[in-house]
Amino acid sequence: MQDVQIYGVSLAVVRKQPMVLVQTDGGSKFLPIWVGHPEAAAIVMKLQKAATPRPMTHDLVTDILSQLDAQVVRVAVTELRENTFFAQVTIQQDGSEIDVDSRPSDAIALAVRAEAPIFVADDVIEESAIEFEGEEITDADLEKEVSKFRSFLENVTPDEFAAGQEEEG
């Protein structure tokens, strides 16, 4: 498992579908995860510290866990199967942990609320992440490459992206 950070949330122009772009802790690999509009909104709102008049679903889940003296301690994108990502949310209560099956979008939305770390399985990174190679990558170079990558992602469908990954492998 590799620790990742949310690099950003974008809207893919072709399919009008949002995606979360996560970056590995080392900083050279990026993984796009397509998500639904409500989950993207939930993630962006929390990242931007926007307040809502009433709790959104992910806020509600976090509040319920808190009332039960439980908390989300980590989330992990565990698998990519047939162009679909799978995830687990690890919840801790009374010193024990349970793993709950989740969509990555919901897991990430919960992680940003709980300030829990996000992990991605090594094989998912190997199979689907894009790596920017180079001896020394400056922040400006990295931003330029990520900008090009975002532009590519804004115009590619999930099926086209998966087909491109299969051709490389």
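The values are calculated or read from the model by the stated rules, or taken from the named source; none is laboratory data. Predicted model only: the values in this text are computed from it and were never measured. Remember, those area values only see protein heavy atoms, side chains included, never the ligands or the DNA or RNA. Shrake-Rupley method; radii C 1.70, N 1.55, O 1.52, S 1.80 Å.
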Does segment 25-96 come out rounded, prolate or oblate by the C-alpha gyration tensor, with a ≥ b ≥ c the root eigenvalues, rounded set by a/c under 1.5 and, if not, prolate when a/b is larger than b/c and oblate if not? oblate
For residue 17 and residue 81 in the same chain, what is the full-extension length gain: residue separation times 0.36 nm, less their Cα-Cα distance, in nm? 21.1 nm
The extension gain from residue 93 to residue 71, computed as 0.36 nm times the residue separation minus the Cα-Cα distance, is 7.2 nm
Explain nothing, just compute: Karplus ³J(HN,Hα) = 6.51 cos²θ - 1.76 cosθ + 1.60, θ = phi - 60°, for every residue of segment 28-44 in order, whole Hz, x for Gly and Pro. 9, 10, 10, 10, x, 10, 6, 9, x, 4, x, 5, 4, 4, 5, 5, 4
Amide H of residue 8 versus every other amide H placed in the peptide plane: which residues, excluding those fewer than 5 positions away on the same chain, fall under 5 Å? 21
J(HN,Hα) series, segment 78-84, from Karplus relation 6.51 cos²θ - 1.76 cosθ + 1.60, nearest Hz, glycine and proline x: 9, 7, 10, 10, 6, 6, 10
Whether segment 1-132 is rounded, prolate or oblate, judged on the alpha carbon gyration tensor where a/c under 1.5 counts as rounded: oblate
Carbon and sulfur atoms account, in whole percent of the 1.4 Å probe accessible area of segment 1-89, for 51
